[in-house]
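Chemist: Okay, handing you the structure first.
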Amino acid sequence: MNATLSIRNLYKSFKKNDVLKNLNMTVNKGELIYIHGINGCGKSTLFKLITDIIKPTSGEIVFSADVRIGALIENPGFLENQTLKFNLKFLADFNKAYDKNRIIALCNLFQLDFDNKEKIGKYSVGMRQKAGIIQAFMENQDFILLDEPTRGLDTASIQAFNELIKKSIQANKTIIIAAHDTFDELQFDRKYELKDGYLHEHN
């Protein structure tokens, strides 16, 4: 298999608090990975390091060439006084990757109205979460990070999420899900637990 992501001897500290300690992980193309951990264990920090939002204290994170990353990290942020359509187009245009038909299909999957005139600031937690998932997939990204992705989702939306993950893996996307929830319907290639700063692989 081809390594898409290699993490080597990764440490991250905030004011002498060691959040991640000597973390090592290799992720291959097309894998579905699960990282379990309680709130505050460092899952979001790890994703911010992978996406280069923050820098490691030491260690390295290496991607293969031309990886397009999609990510949902913590609570999704949007332009609150704009509509869903405006927000998704605005984000996609950054990478010149606006695909209206793909975005509408994702909105339909999650029962969101693409043409809704309501400002996204008035959306419920679940609706915002669905919009966050959509933006992580809408540019046909090939490496996707999902932090607590089912937060606030109802049963139908969780089923839609599982369907999207399965289809994406069939399309050879690489996905890492970090959460304290379980995902019994998904077949993970590997499972880890992030605890006390260390990443432990489960058999």
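No lab work stands behind these numbers, since they all come straight from the coordinates. Every value quoted in this text rests on a predicted model; they were computed, and no experiment measured them. Neighbour counts run over all protein chains shown; Cβ positions are idealised from the backbone, glycine included.
Chemist: With just the Cα atoms of the stretch 141-202, tell me how far they stretch along each of the three principal axes, in Å, largest first.
Modeler: Between the extreme Cα coordinates on each principal axis of the stretch 141-202 lie 33, 27, 19 Å.
Chemist: If you restrict to DSSP beta bridges whose two residues both lie in the stretch 3-202, what percentage is antiparallel, to the nearest 5?
Modeler: Working: 19 of 37 bridges.
Around 50 percent of the beta bridges assigned by DSSP in the stretch 3-202 are antiparallel ones.
Chemist: Towards the positive end of the charge dipole of the stretch 11-137, with charges on Cβ (+1 Lys, Arg; -1 Asp, Glu), say which of Val27, Met127, Ser64 has the farthest Cα.
Modeler: Final value for the positive-end residue is Met127.
Chemist: Roughly speaking, what is the centre-to-centre gap between the stretch 67-138 and the stretch 28-58 when only Cα atoms are used, to the nearest Å?
Modeler: So the two Cα centres are separated by 22 Å.
Chemist: Right, something else. Can you compute the FRET efficiency between Asp115 and Arg68 using 1/(1 + (r/R0)^6), with r the Cβ-Cβ distance and R0 = 22 Å? Round to the nearest 0.05. Present the calculation step by step, with values, prior to reporting the outcome.
Modeler: Working: r = 27 Å, r/R0 = 1.23.
With a Förster radius of 22 Å, E is 0.25.
Chemist: To the nearest 20 debye, what charge dipole does the stretch 67-167 have about its Cα centre, counting +1 at the Cβ of each Lys and Arg and -1 at the Cβ of each Asp and Glu?
Modeler: 220
Chemist: Work out Dmax and Rg for the stretch 94-159 from the C-alpha atoms and quote the Rg first, both in angstrom.
Modeler: Taking only Cα atoms of the stretch 94-159, I get Rg and Dmax of 11.9, 34 Å.
Chemist: Please go through the residue pairs Lys15/Lys119; Lys167/Lys191; Lys43/Lys173; Lys55/Lys173 and name each one whose alpha carbons sit more than 28 Å apart in this structure. Could you put the intermediate results ahead of the total?
Modeler: Numbers: Lys15/Lys119 38 Å; Lys167/Lys191 20 Å; Lys43/Lys173 21 Å; Lys55/Lys173 25 Å.
Beyond 28 Å between Cα atoms: Lys15/Lys119.
Chemist: Next question. For the chain, what does the helix formula give at 222 nm: sum of -39500 (n - 2.57) over DSSP H segments with n ≥ 4, over the residue count, nearest 500 deg cm²/dmol? Can you show the working numbers first?
Modeler: Details: 5 runs with 58 residues, N = 203.
Per the formula, -9000 deg cm²/dmol.
Chemist: About the Cα centre of the chain, how large is the charge dipole given +1 on each Lys and Arg Cβ and -1 on each Asp and Glu Cβ? Please answer in debye to the nearest 20. Walk me through the intermediate numbers first.
Modeler: Numbers: 27 positive and 25 negative charges, 95 e Å.
Here the chain has a charge dipole of around 460 debye.
Chemist: Give me the base-10 log of I(q)/I(0) for the stretch 3-202 at each q in 0.09, 0.17 Å⁻¹, Debye formula, one uniform scatterer per Cα, rounded to two decimals.
Modeler: -0.33, -1.18
Chemist: Test of understanding: ordering Asp196, Asp184 by Cβ neighbours within 10 Å, fewest first, what list do you get? Numbers along the way, then the final one.
Modeler: Values: Asp196 11, Asp184 7.
Ranked by crowding around the Cβ, least crowded first: Asp184, Asp196.
Chemist: Which residues' amide hydrogens lie under 5 Å from the amide hydrogen of Gln82, considering only partners 5 or more residues apart or on another chain, with H built in the peptide plane?
Modeler: Long-range HN contacts for Gln82: Ile120, Gly121.
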